[in-house]
Every structure is written in C-alpha cells, then in structure tokens.
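Data first, discussion second: the structure below is written as structure tokens.
The values are calculated or read from the model by the stated rules, or taken from the named source; none is laboratory data. This structure is a prediction, so every number in the text was calculated from the model and none was measured. All Cβ positions, even for glycine, are placed from backbone atoms using ideal geometry, and neighbour counts span all protein chains on display. Note: accessible area is taken over every heavy atom of the protein model, side chains too, but ligands, DNA and RNA are not part of it. Shrake-Rupley method; radii C 1.70, N 1.55, O 1.52, S 1.80 Å.
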Amino acid sequence: MVTNLPAEAKAKWLKVMDAKTPEEKLQALQEFLKEVPKHKGTENLVYWAKRRMAELREEIEIRKSKKSGGFSLFVEKEGAGQAILIGDILIRSQIMRKLTNVKQEFSDLPVPGMVRYEDVQIQLVNPPRTLPLSKTIGLIRNADEVIIAVNSKEELISIRNILEENSILLKKPKGKVIIERTRYGMAGIRIVNLGKLIDADEKTVRDYIESFGIKSAIVKIIGEVSIDDIEKSIFETVSYKPTIVVSQENIYVEDLPIINLNEIEKLPKIMFDMLEVIRIYTKEPGEEPTKDPLILKKGSTVLDVARKLHSSLAENFKYARVWGKSVRYQGQKVGPSHVLEDKDIVEIHVK
C-alpha cells in the first residue's frame, strides 16, 4: 500500500524534487521529514530519507574539500551511458585493458575509459583499488549499470548483500516507472503505457501524481507496474542497476547474467543492451540523416527528441516524419507522443 502522506508532506516533497544543489536538497529533505507522520507505514520512507541526507552531507563535504584543493570521487558521464566496475581488482584490470585505451588502470581517483559498441561509446569507470565497496555506493548510484568482477559465487553473494543493504537492486523488477516533469507542450499528466497497470488505472495514477502538486509530466510505464511502484518512482527509495557478472571461474546464479573472462569480447554489446537506450538519427528536410545518433531511453517519444535538440523545437513542435521500425510506412507523419525505436530517423517540423 502507498504511504498515504498528508498534503503538507507532499507539498514539501515537491520542493525536494525541485531542489538543484546538494545544499538545497538537504534543506528540503529536513523540512519534508518534519511533515512525515512517524508510524510503521512510514518507517522505510523515513529510513531512506535519513540515509539520503547522510549521503548529501558527505557530498557537500567532498565539494568543500575539492574547492580547498581536495578531490572528488564523482565522475561526469560521457557517451551513451556509464558503467562501473566493482569486485576483484585483477579481473577489473584485465577488463579495462581489453576494452578501453586506458593505460593507467588505477589511481587515487576513479579512472574512466570508453568502450566502443558499433557507433556509440559507453563510459567504463574503475574505482580506486584501495576504496572499499561501502565507499563506492555514491559512484554506483550515479552509474547506469554495474559490472561485477568475481572469482567465486561467495564473492558475488557478499557484494550483492552490501548493495541490497543500501537499496541497490541487481534483479530486474517486473516493471518500472519513469516520471519526467516537463513544461513543454500541453499541461497535465500524460501517460505513455508500454506495459500493464496492476490494481490501478490511468486516472488513479494521474490523481496520485497530481496530489504532490505535479501539474505537467510524462509518465512512462514499462512492464507490470502498481501504484506502489508509482510512489517508489516519486521518492526514488529503491535503485535498480542492470548488472553483468564477469568471472574467471564457471559460476551460476539464477537471476543474473554471467560471462567468463575468456568471453570478454561479448561485453560491449551486453553493456549497450543493459542501458535500455535507443539511437535516434535526425535529419533536415531534403538532407541525409546525421551519422552521430542521439541517445535516449527506450520508450522515448518524438517530443523527447525535440526537447534534447533544443527547447524551441519542443515549444514550437508541429509534427515529425519518421523512418524506421516504429512506423507503418517510411516517412510517416507523427505527433509528439509517438514512441520511437532503435535506429529510427526523425525529421522535426515546427510551427
């Protein structure tokens, strides 16, 4: 069941969502917690909020340290997505050497490298060898996917337990919800249903999201989703990270993909597939498509493409023509909510 927070708490949470800096988020979370009633139904939410506040305090201290000549573990994302390597140091080293052009595999800071798959690159981050797993949680949360290097099933179980204790799930949930607040196009809650709603309908979802004061958003439903999943997506209490295990030994677990280190050439494609992104090529009327694709999440619409290119294209969007798998015929004229597929070509027309 949903937490059923009072209106005052929901209004405070909207301020948390709107906060930009760690300092603003910390202040907004403190105000939010004051309005949350303390009972069994809110225990998990309160626990998550307090832990998030601790992470923000640590991030603020790191930033202060960096300004005074210290350093930060944060790695800005590049390419189609970011993967983080954790686990056995020797296997991590071999993966970096074989898949990237990085010469220095370890340092006191995380070392990023680029892995190429077809016409895109995926960033691979290798944390410092001396940094314990418990101190890489922030890096893992920031990453889009995880590569776990192990020598045994016992090592994998130990790593997995630490991550799950920090609300980082490695097993893919039955469904997920992506809520994108937007000021473009028509106001209101627009639902892109690519899956199935359980024990709820679209009106219930709209009403629940609007109860937080959210007036304009695109809600993407992928797989089987309940109203509880809608709530979790608003509070971000649980983080799912697509994961691949790389091992020198032949080990098996039921719910995680595992490849042997000898099959490392398969990893770039697996990394790309785990990102759950699509490549979109754009074109001007009468011209050839661009060769460098835009990278968007699966379920993205034509309006998402316009928004990524330039805010004015989204604000003045009229229609688009699309070539690719998502349309019935090539060059089909579509509206802003048309859902795209990998390698589609989009030509946007404005008012």
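Using C-alpha pairs under 8 Å with a sequence gap of at least 6, the mean separation divided by the residue count of the chain gives a relative contact order of 14 percent.
How large, in percent, is the carbon and sulfur part of the accessible surface of the chain at a probe radius of 1.4 Å? C and S fraction of accessible area: 50 percent.
Mind checking the per residue accessible area of the chain for me, 1.4 Å probe, whole number of Å²? All intermediate terms of the calculation are to be shown ahead of the outcome.
Numbers: 18520 Å² over 351 residues.
For the chain, the per-residue accessible area is 53 Å².
Looking at the chain alone, DSSP beta bridges between its own residues are antiparallel in about 50 percent of cases.
All Cα-Cα distances of the chain, cut into 20 Å bins from zero to the largest, leave 26, 57, 18, 0 percent in each bin in turn. If one computes the Cα centroid of region 188-226 and of region 85-136, what distance in Å separates the two points? So the separation of the two Cα centres works out to 38 Å. In a simple Cβ point-charge model (Lys, Arg +1; Asp, Glu -1; nothing else charged), the chain has a dipole of about 700 debye relative to its Cα centre. Seen from every direction in turn and averaged, the convex hull around the alpha carbons of region 185-266 projects onto 8.2 nm².
Taking each DSSP H run with n ≥ 4 as -39500 (n - 2.57) and averaging over every residue of the chain yields -10500 deg cm²/dmol at 222 nm. Site pair K77 and S216 shows an inter-label distance of 2.3 nm when each label is modelled 7 Å from Cα along Cα→Cβ.
Dipole orientation for region 201-262: of the candidates I251, F235, I214, I214 has the Cα lying most toward the positive pole (charges on Cβ; Lys, Arg +1; Asp, Glu -1). For region 193-223, the residues whose backbone nitrogen is under 11 Å from a point 7 Å from the Cα of M17, taken along Cα to Cβ, are 208-219. Between W48 and Q27, the contour length at 0.36 nm per residue exceeds the Cα-Cα span by 6.0 nm.
Does anything in region 27-44 have its amide N under 15 Å from the 7 Å Cα→Cβ label point of K64, and if so which residues? So the set is 27.
Taking a point 7 Å from the Cα of H349 along the Cα-to-Cβ direction, the residues of region 287-301 with backbone N closer than 20 Å to it are 287-290, 301.
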